[in-house]
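Since every read-out is calculated from the coordinates, none of them should be taken as a lab result. Note that this is a predicted model, so its numbers are computed, not measured. Backbone-built Cβ (ideal geometry, glycine too); neighbour counts: all protein chains shown.
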Amino acid sequence: MTARCVLVTGGSGLVGQGIQQALRENDGAAPDGKETKWVFLSSKDCDLTDAKATLKMMQEYKPTQVIHLAAQVGGLFKNMRMKADMMMDNMTMNVNVLQSAHAVGCNRVVSVTSTCVFPDKTSYPIYEDSMHDGPPHTSNEGYAYAKRMLDVMSRCYNEQHGTKFTTVIPTNVFGPHDNYNLQDSHVLPGLMHKALICKRDGKDFIVWGSGKPLRQFVYSVDLGRFLIWRALQDESVEAVCCSPDESDEVSIETVARSVAKLAGVEDRLQVCLASNVCILAHAHACAPRKSCFLIECRHLK
Amino acid sequence: MTARCVLVTGGSGLVGQGIQQALRENDGAAPDGKETKWVFLSSKDCDLTDAKATLKMMQEYKPTQVIHLAAQVGGLFKNMRMKADMMMDNMTMNVNVLQSAHAVGCNRVVSVTSTCVFPDKTSYPIYEDSMHDGPPHTSNEGYAYAKRMLDVMSRCYNEQHGTKFTTVIPTNVFGPHDNYNLQDSHVLPGLMHKALICKRDGKDFIVWGSGKPLRQFVYSVDLGRFLIWRALQDESVEAVCCSPDESDEVSIETVARSVAKLAGVEDRLQFDTSKADGQFKKTASNARLRSLCPNFKFTDFETALENSWKWFEENYDSCRK
């Protein structure tokens, strides 16, 4: 029997580390106990924007499953300033990974997209199947369209070649090993970094925006467990949202207060209440007027 | 002053030949008379799905404008059978051409998309800005999404880099030098090929589908003239549909009868309604074209059809089929 080999692109990032932690919590074993080799790749190991290099890498590992996490990601400002880079880097990586995985006979590729790539104008809760029902928010359209094409490409491969490529759509992911860059991070790591600086330097902990927007936060280790399950035990091909229940949605203000408490700087927390002055420095680039962003994970249930 | 160089990918195909004919009809000159070098590339010259090869080619020619026509194309049945190929081949070519053109400092890339990539569920007529308002028809979604990304990528480059990349959206293009393969061609060359076989072998001229779907047909030479103008004289970046007026829309049945008449086989024309029709209606508005380019004239359909038929009949042995 051919040994099972799961290749994880972007393996050293937030979600990749989540998978690694999920494995450690199961004593390094796959959920079904079968022998599995895990390969966690980072950008140092392979330039996925290089088609030939990617193919060579796939030929070397011959994975039986791929979990495709690698992406050029960023917060609101990076997405707005570097639309072409966000589009082209992500598009080429996505094309190269799926194409080369298929070329070496890999039948199961689980790619990760995001709820931030959904149509800007939509009704709530959002369902997986509405991903292409309209344009994404213009502020992150480069990233958004490149990610959406993972869903389309997966479907095209399945139809023509009988593969079982699929996607998982998380909401806001957080956890250890995140990117905490103050300009470009997502909201939660950004808050943590600000809180730490505030604790260290005695300054105020200023949160951008009104704090009222609501989000469903997904712990990276939970997402990791779900991705492992989808890659190794599940054979379905429909896209699946991965997020907690609607009732577990939290406001940015709640998150900020919890982070402030953990840092011991509650008394210095300031949330800018004049929402027409402040802007949402938030990775999932939702329109400032959007007050909630609910996902119903029908397929997940 | 740097010499002007226009590079045309897919230069030997239907639309590329349309550009070449449009140039010939202007004695080889660009519409503004300025000195212009034209490079018409075909797949033999460069594999555009190869990023490094494409960049090397762009570095060699250093074009000042690019008209990007190269695509993996096909009719309804090819699109349905080979969705991954249609998506991946087109996506890689589109990424490589735009990326490498930008890398060598080319500021104007005019890419061609198609009304067939518009949302399946939409109101008519179609306007350029509604391209992404919903999913395309599932039968050609591989090709459709890859083409739509030309519009998105162009916009992203313009926003980040200040380039003037843009797209032109024709409806059904026809003309000499088409692909007449009976399995994979578009409707008009397919009809011509069937009519010719029918004429030659005395068989029936059987048209797939009911004949009821409606289309706006664009003569390749007209599209060629419009692309030349957009690349060399226009600086606008919005997508522009290139199609005749709504009132010039024709049914497949009407086209089939005209072709049958040219071939002299009208009495043997039949419709096989067990075959798929594809999208019923794809009416596009050319209001933006009319306001951008008020003096633009489309060749009369019957004249263009006759030109196309004559070329096909004379070049049957060597044409793509």
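Miscellaneous remarks
- Taking amide H as placed 1.01 Å from N in the peptide plane, B:Val66 has its amide H under 5 Å from the amide H of B:Leu7, B:Arg108, B:Val109, B:Val110, each at least 5 places away in sequence or on another chain.
- Helix B:220-232 vs. chain B, principal-axis angle (Cα, 0 to 90°, nearest 10): 10
- Karplus (6.51, -1.76, 1.60) ³J(HN,Hα), θ = phi - 60°, over region B:294-309, in Hz, Gly and Pro reported as x: x, 9, 5, 10, 8, 5, 4, 4, 5, 5, 5, 5, 5, 4, 5, 5
- Cα gyration tensor shape of chain A, rounded if a/c is under 1.5, else prolate or oblate by comparing a/b with b/c: prolate
- Global geometry of region A:56-169, whether rounded, prolate or oblate, following the gyration tensor of its Cα atoms and the 1.5 cut on a/c: oblate
- Selection from A:Phe118, A:Tyr145, A:Gln65 lying farthest towards where the dipole of region A:41-172 points positive, charges on Cβ: A:Gln65
- Proxy reagent accessibility, fewest Cβ within 10 Å first, across B:Ser236, B:Ser130: B:Ser236, B:Ser130
- Electrostatic bookkeeping for A:Val259 treats Lys and Arg as +1 and Asp and Glu as -1; over the other residues with beta carbon under 10 Å from its beta carbon, the sum is +2.
- Once the Cα atoms are used to define both axes, helix B:141-161 deviates from the longest principal axis of chain B by about 20 degrees.
- Helix B:83-103 axis, angle to chain B major axis (alpha carbon atoms, nearest 10°): 30
- Going from the residue with the fewest nearby Cβ atoms within 10 Å to the one with the most, B:Phe174, B:Phe298 rank B:Phe298, B:Phe174.
- Checking every one of the GluC sites (Glu not before Pro) in region A:106-211 against DSSP loop status and a limit of 10 other Cβ atoms within 10 Å picks out no site at all.
- Amide proton proximity set for A:Arg4, modelled H, under 5 Å, gap of 5+: A:Lys37
- Computed over region B:113-190, the percent of Cα pairs more than 20 Å apart is 42.
- Overall shape: oblate for region B:1-75, with the ratio a/c of the largest to smallest alpha carbon gyration tensor axis at 1.5 or above and b/c at least equal to a/b.
- Computed over neighbours whose Cβ is under 15 Å from that of A:Arg81, the net charge equals -2, Lys and Arg +1, Asp and Glu -1.
- For B:Thr166, the shell of other residues with beta-carbons less than 11 Å away shows a net charge of -1, using +1 for Lys and Arg and -1 for Asp and Glu.
- Inter-part distance where region B:202-230 and region B:114-147 are each reduced to a Cα centre, Å: 18
- Ratio of the Cα radius of gyration of the protein assembly as shown to 2.2 N^0.38 Å, where N counts its residues: 1.05
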